[in-house]
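The block underneath contains the structure these notes are about, expressed in C-alpha cells.
The values are calculated or read from the model by the stated rules, or taken from the named source; none is laboratory data. Given the structure is predicted, the values throughout are model-derived calculations rather than measurements. Backbone-built Cβ (ideal geometry, glycine too); neighbour counts: all protein chains shown. Remember, those area values only see protein heavy atoms, side chains included, never the ligands or the DNA or RNA. Shrake-Rupley method; radii C 1.70, N 1.55, O 1.52, S 1.80 Å.
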Amino acid sequence: MLANRNLIEFSLLKSIELDNSFKSGAYDTADLKAEDLENEFSVAVEKGAALEEEKNLVQKVGPRITKLKFGDIELETPIFMPVGTVGSVKSLSPEDVYSIGYRLILGNTYHLNLRPGMELMREFGGLHEFMRWPGAILTDSGGFQVMSLAKIRKLNEEGATFANHINGAKITLTPENVVHIQEDIDSDIQMVLDECTSYPATHAEAKASMERSMRWAQRARAARKKLNRAQFGIVQGGMYADLRVKSIKELKKNDFEGYAIGGLSVGESKREMRRLLSATIPFMPHDKPRYLMGVGAPDDIIDSIMLGIDMFDCVMPTRNARNGSVFVRSKSAANGKIQIKNAAHKSSKEPLDSECGCYTCKNYSRAYLRHLFVAEELLVFRLLSIHNLQFLYDLTEEMREAIRQRKIFAELPHIRKKYAPGSV
C-alpha cells in the first residue's frame with residue numbers, strides 16, 4: 001500500500017559546529033581545508049557578495065541531522081538518494097531499493113516527459129502509482145540536460161529547446177512547463193529549471209548563466225498549482241564564490257522549501273569542489289534542507305556532510321556496478337574498491353565485503369559474481385547494484401549515528417579510513 005504524502009516537513013534535530021581541532025587542520029585531507037571557510041568568506045566580502053557582519057554564518061557550519069517528513073514517510077538526513085531516471089533504479093526493483101532502507105529516490109523530468117509521457121502519468125495518478133514505489137520521489141528539472149545535451153539544444157530567455165535524443169522531435173522546457181510536468185509526475189520534491197553552467201566558464205559567462213537561472217527560479221515559483229509539494233531552488237555560479245553567494249541571496253527571496261547546490265562535479269577537481277562548498281554552504285538557510293546534486297563518491301559525501309550537506313544523489317553506485325566496479329570497506333581492499341572481473345577473484349569464496357550485511361554479501365561469493373560478470377549474465381548487475389547502494393546507505397547511517405552521539409570528530413578519521421581509504 002502506498003503511503004499518504006503531503007507537503008514536506010523539515011526539522012533540525014541536531015547541529016554541531018565545526019570544532020577548533022577541525023578548524024585548526026586536525027582532520028584536513030588533501031581536498032578539504034578548514035581555512036577555506038574563512039578564505040572564501042573574505043573573497044565574497046571583497047567582491048561585494050557578502051557583508052562583514054555575516055561572518056557569524058561561517059562559524060555555524062558543521063555536520064547535522066535533520067528530519068524530512070512526507071505525510072506517513074519519515075527519514076533522517078544525511079542521506080544518499082538512488083537515481084531512478086525513467087522510473088527505475090537500473091537493474092533493481094522498487095522492493096530491492098526499499099529493502100536496503102531507502103525511502104527517497106530520484107526521477108528525471110526531461111526523460112519521463114519523453115517516455116512514458118504525461119498522458120500516461122496522469123492516467124496512473126503519478127509516478128508513485130505507476131512504478132509502485134512506497135517512498136518519496138524527487139524529480140530533477142532537466143537542467144543537467146540543458147548542459148549535457150548542449151549540442152542538440154537552443155537556449156534563450158524563454159527556456160531550452162531540444163531535438164530529443166529518442167526520435168529527434170523538438171521539445172521545449174520552460175520554467176513553467178517543467179513545474180506542470182512535475183506536478184503530473186506528482187513528485188514530493190520538485191526542482192526548478194536551471195541552467196547548469198558549463199565547465200570551464202569565464203566569470204562573465206557564469207554570471208549570465210546564474211542570473212538566467214535566478215529569473216527562471218522566480219518564474220517556476222510563480223507557476224506552482226500544487227502547493228502541497230515541495231519545490232527546491234538551485235544555487236548556480238560556476239566556480240566563482242561571489243556568484244554563488246549572490247545566487248543564494250536571490251533564491252532566498254522566493255522562500256523555497258529547500259535549496260540545492262548545482263553545477264558541481266562537472267569536471268572540476270575535488271579540491272575545487274571543496275572550495276566552492278566552503279564558499280556556498282555558510283550562506284544557505286540553516287532551517288531548510290541542503291542538497292548537493294550529482295555527488296556520490298564516498299570521500300565527497302563524507303567531507304560534504306562535515307560542512308552541513310543533508311542530501312546527495314548520483315548514478316555512480318549503479319553505473320559502477322554495471323561496469324563491475326564495487327565499493328568495499330578498507331578491510332576488504334586497501335583502496336576501497338575492487339573490479340569483480342579481475343582474475344584474483346576467480347576462485348574466491350569470500351563475499352565482496354566481509355563487513356557488509358547486504359543481500360549479495362550474505363549469499364554470494366566473489367567467484368560466483370565474477371563468473372556472472374564474465375559470462376555477461378544480467379543478474380550480476382542487480383547483485384552488484386544492491387551492494388553498492390547498501391555501501392552508501394551504511395556510510396551515511398554511520399555518519400548520522402556519530403553526529404547523533406556527538407562523536408563525529410573522534411570518529412571521522414576512522415569512518416574516512418573505513419569507507420574512503422583512497423582519500424586519506
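Only a single item in (1) more than 16 Å from GLN182 (Cβ to Cβ); (2) under 17 Å from the mean Cα position of the chain (by Cα); (3) in a strand (DSSP E or B) is not met by GLU74, and it is number (2).
Report, ordered by the first and then the second residue, all pairs with beta carbons closer than 9 Å, sequence separation of six or more or different chains, a first member in region 263-280 that is under 18 Å from GLY233 (Cα atoms), and a second member that is among the aromatic types (Phe, Trp, Tyr) and open to solvent by less than 50 Å² (accessible area, probe 1.4 Å). Pairs that qualify, where the first residue is under 18 Å from GLY233 (Cα atoms) and the partner is among the aromatic types (Phe, Trp, Tyr) and open to solvent by less than 50 Å² (accessible area, probe 1.4 Å), are ALA279/PHE41.
Taking interchain pairs and intrachain pairs at least six residues apart, which have beta carbon atoms under 9 angstrom, with the first residue in region 19-33 and part of a loop (DSSP other than H, G, I, E, B) and the second surrounded by 17 or more Cβ atoms within 10 Å (Cβ to Cβ) and of a type in the set (Asp, Glu)? From residues that are part of a loop (DSSP other than H, G, I, E, B), the pairs are THR29/ASP299; THR29/ASP303; ASP31/ASP299; ASP31/ASP300; ASP31/ASP303; LEU32/ASP299; LEU32/ASP303. Would you point out which residue out of SER347, SER332 is in a loop (DSSP other than H, G, I, E, B), hydroxyl-bearing (Ser, Thr, Tyr) and surrounded by 15 or more Cβ atoms within 10 Å (Cβ to Cβ)? Exactly one residue qualifies, and that residue is SER332. Inside region 211-240, residues that are under 17 Å from MET284 (Cα atoms), assigned to a helix (DSSP H, G or I) and either modelled with pLDDT under 95 or open to solvent by 10 Å² or more (accessible area, probe 1.4 Å) (or both) make up a count of 1. Exactly one residue among LEU13, LEU68, LEU51 is in contact with a Lys or Arg (Cβ under 6 Å, 6 or more places away or on another chain) and modelled with pLDDT of 95 or more, and that residue is LEU13. Restricting ARG382, ARG406 to residues that are in a helix (DSSP H, G or I), touching a residue at least 40 places away in the same chain (Cβ under 8 Å) and open to solvent by 60 Å² or more (accessible area, probe 1.4 Å) narrows the list to ARG382. Of all residue pairs spaced 6 or more apart or on separate chains, those with beta-carbon atoms under 8 Å, a first member in region 318-329 that is over 14 Å from GLY296 (Cβ atoms) and of a type outside the set (Val, Ile, Thr) and a second member that is part of a strand (DSSP E or B) and modelled with pLDDT of 95 or more are GLY324/GLN339.
With respect to (1) open to solvent by less than 10 Å² (accessible area, probe 1.4 Å); (2) over 30 Å from ARG212 (Cα atoms), the lone exception for THR109 is condition (2).
Residues that are open to solvent by less than 50 Å² (accessible area, probe 1.4 Å), more than 14 Å from GLY62 (Cβ to Cβ) and among the hydrophobic types (A, V, I, L, M, F, W, C) within region 1-46 comprise LEU2, ALA3, ILE8, PHE41, VAL43, ALA44, VAL45, listed in sequence order.
Number of residues in region 98-139 that are closer than 22 Å to ALA163 by Cβ, in a helix (DSSP H, G or I), touching a residue at least 40 places away in the same chain (Cβ under 8 Å) and not aliphatic (A, V, I, L, M): the value is 3. One residue stands out in region 265-282 among those that are among the hydrophobic types (A, V, I, L, M, F, W, C) and open to solvent by less than 10 Å² (accessible area, probe 1.4 Å): the one that is farthest from the chain's Cα centre (by Cα), namely ALA279.
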